[in-house]
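First comes the structure, then the notes that go with it.
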Amino acid sequence: LPEDSSDQDGREERAKRTTSGFVASHYNARPEVGKIKREESPIIGLKNFNNWIKAVMIARFARPAIRETNSHVVTTGRRPKYRARVLDLGCGKGGDLNKWGKAEIAAYVGVDIAEVSIEQARARLSERRRLFDADFYDLDCFKRKVPPHLLSPFDVVSMQFCMHYAFETEDQVRMMLTNVTKYLRPGGVFLGTTPNAKQLLRRLKKLPDPDPAHPEGGMSFGNGVYNIRFTSRHGPGKGAHPYGHQYWFWLKDAVDNVPEWIVRWDTFVTLAGEFELELQYKEEFHGIYEQEQNVPEFKSLLQTMRVVDSKGESSLDQDQWEAANIYIGFVFKKRAP
Ligand code: SAM
């Protein structure tokens, strides 16, 4: 287990009381290290790979919806007046701003529960040439509605590495889906990345019960890069209840043992259907890599984003490659009402 997984300061007890506050303070406390220091991260290969996955998904699935909207806009003067807009829920420090710039959007709204991250995202944008209008809001998007005055219809809603924090309760997932869909135009796209619950539960099943002398140790798996620790085999009601199955996640140089929640995929797809969302795509990260690595545009991105070096050698070691595949990418489309 990683060093910081002990419960000496009552982390688990506090997490049980206010998980969202716990998550917000974790992300607020993570320093913005800047571009140069970032390159020194011991998991820089994995970070670059995750960014490549997001860039590919934006190009593959968000760009068509953006282009569809932009193509209806009459170009006047030297600068085309694009109309395409993106809502990024759980936007963090704004790490995807460049990717959205390349997708030729006109406006971006970033929302995150961690107000320090929101400040950093604002600062990041002001350092760059502004390709689009942007607004940022600190808000718990699982408990509160994104205020309507901010928004006209969005073409794309993105939730990257964030959605699973909602799965503590059904109410939170419903609020999240309300925020995803309320201002998403029909035909618009909801895309994201989240841990693959099926894989996590499959691996949990193979683990022995906790040592009765130290039951708080729980049941964990991982490697030198990541650790996932369950304290229970089931969520509430011996697993009959599809929400509230918690585990603790540690990712080297990124996530310091934070509570997350299993996303029961079938339950989620059914619920998303109630919000007019239809599943278009779901794939593990290794699968996305297999499918897209030889597409010329994405192949050259592998080098530009330093997932591979100039000789084509991967920058991920075996542990990072295994950690990458905890996640899936998914895409839903909003039906016409
Ligand atoms: N999307 C960013 C990215 O891909 O780099 C950040 C991902 S980070 C792993 C997860 C983000 O979800 C954090 O910035 C966290 O503050 C945010 N988050 C967690 N719970 C949230 C909530 N209830 N409302 C809004 N944001 C939340």
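The values are calculated or read from the model by the stated rules, or taken from the named source; none is laboratory data. Source: prediction; values computed, not measured. Here the Cβ positions follow ideal geometry from the backbone for every residue, glycine too, while neighbour counts run over all protein chains shown.
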query = Based on what the data block shows, is Phe332 among the aromatic types (Phe, Trp, Tyr), assigned to a helix (DSSP H, G or I) and over 21 Å from Leu200 (Cβ atoms)?
reply = no
request  = Would you be able to say whether some residue in the stretch 210-225 is surrounded by 21 or more Cβ atoms within 10 Å (Cβ to Cβ), within 21 Å of Ala103 (Cβ to Cβ) and modelled with pLDDT of 95 or more?
outcome  = no
query = Listed residues Ala197, Ala166, Ala121, Ala114; which is touching a residue at least 12 places away in the same chain (Cβ under 8 Å), of a type outside the set (D, E, K, R) and over 30 Å from His245 (Cα atoms)?
reply = Ala121
ask   = How many residues are under 23 Å from Phe298 (Cβ atoms) and within 15 Å of the ligand (Cβ to nearest atom) when one looks only at the stretch 104-121?
value = 1
task = State all residues of the stretch 281-292 that are without any contact (Cβ under 8 Å) to a residue 40 or more places away in the chain and either in contact with a helix residue (DSSP H, G or I) (Cβ under 6 Å, 6 or more places away or on another chain) or loosely packed, with under 13 Cβ neighbours inside 10 Å (or both); if no residue qualifies, say none.
result = Glu290
query = Has the stretch 130-138 got any residue that is buried (at least 24 other Cβ atoms within 10 Å of the Cβ) and closer than 20 Å to Pro64 by Cβ?
reply = no
Selection status of Arg202, on the phi < 0 side of the Ramachandran plot, surrounded by fewer than 16 Cβ atoms within 10 Å (Cβ to Cβ) and modelled with pLDDT of 95 or more = yes
inquiry  = Could you tell me how many of the residues in the stretch 182-199 are surrounded by fewer than 20 Cβ atoms within 10 Å (Cβ to Cβ) and within 24 Å of Gly110 (Cβ to Cβ)?
reply    = 5
ask   = Quick one: which of Arg128, Arg124, Arg144 is part of a loop (DSSP other than H, G, I, E, B) and within 13 Å of the ligand (Cβ to nearest atom)?
value = Arg144
task = Give me the pairs, please: first residue somewhere in the stretch 240-251 and closer than 18 Å to Ile228 by Cα, second residue anywhere and among the aliphatic types (A, V, I, L, M) and assigned to a loop (DSSP other than H, G, I, E, B), beta-carbon distance under 8 Å, and either six or more positions apart or on two chains.
result = His245/Ile262; Gln246/Ile262; Tyr247/Ile262; Leu251/Ile43; Leu251/Val225
note = In the stretch 171-215, anything in contact with a Gly (Cβ under 7 Å, 6 or more places away or on another chain) and of a type outside the set (Val, Ile, Thr) is listed as Pro210, Asp211
key: Single residue of Glu216, Glu297 found to be of a type outside the set (Ser, Thr, Tyr) and under 30 Å from Lys333 (Cα atoms)   = Glu297
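The rows are residues; the columns are (1) aromatic (Phe, Trp, Tyr); (2) closer than 26 Å to Asn223 by Cβ; (3) touching a strand residue (DSSP E or B) at 6+ places or on another chain (Cβ under 6 Å); (4) surrounded by fewer than 20 Cβ atoms within 10 Å (Cβ to Cβ).
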position	(1), (2), (3), (4)
Leu279	no, no, yes, yes
Val295	no, no, no, yes
Glu313	no, yes, no, yes
Phe330	yes, yes, yes, no
Odd one out for Asp155, checked against (1) touching an Asp or Glu at 6+ places or on another chain (Cβ under 6 Å); (2) of a type outside the set (Gly, Ala, Ser); (3) more than 9 Å from the ligand (Cβ to nearest atom) = (1)
request  = Could you tell me which of the residues Arg306, Arg229 is in contact (Cβ under 8 Å) with a residue 12 or more places away in the chain, of a type in the set (D, E, K, R) and more than 28 Å from Leu204 (Cα to Cα)?
outcome  = Arg306
key: Within the stretch 31-79, considering residues that are assigned to a loop (DSSP other than H, G, I, E, B) and modelled with pLDDT of 75 or more, the one farthest from Asp112 (Cα to Cα)   = His72
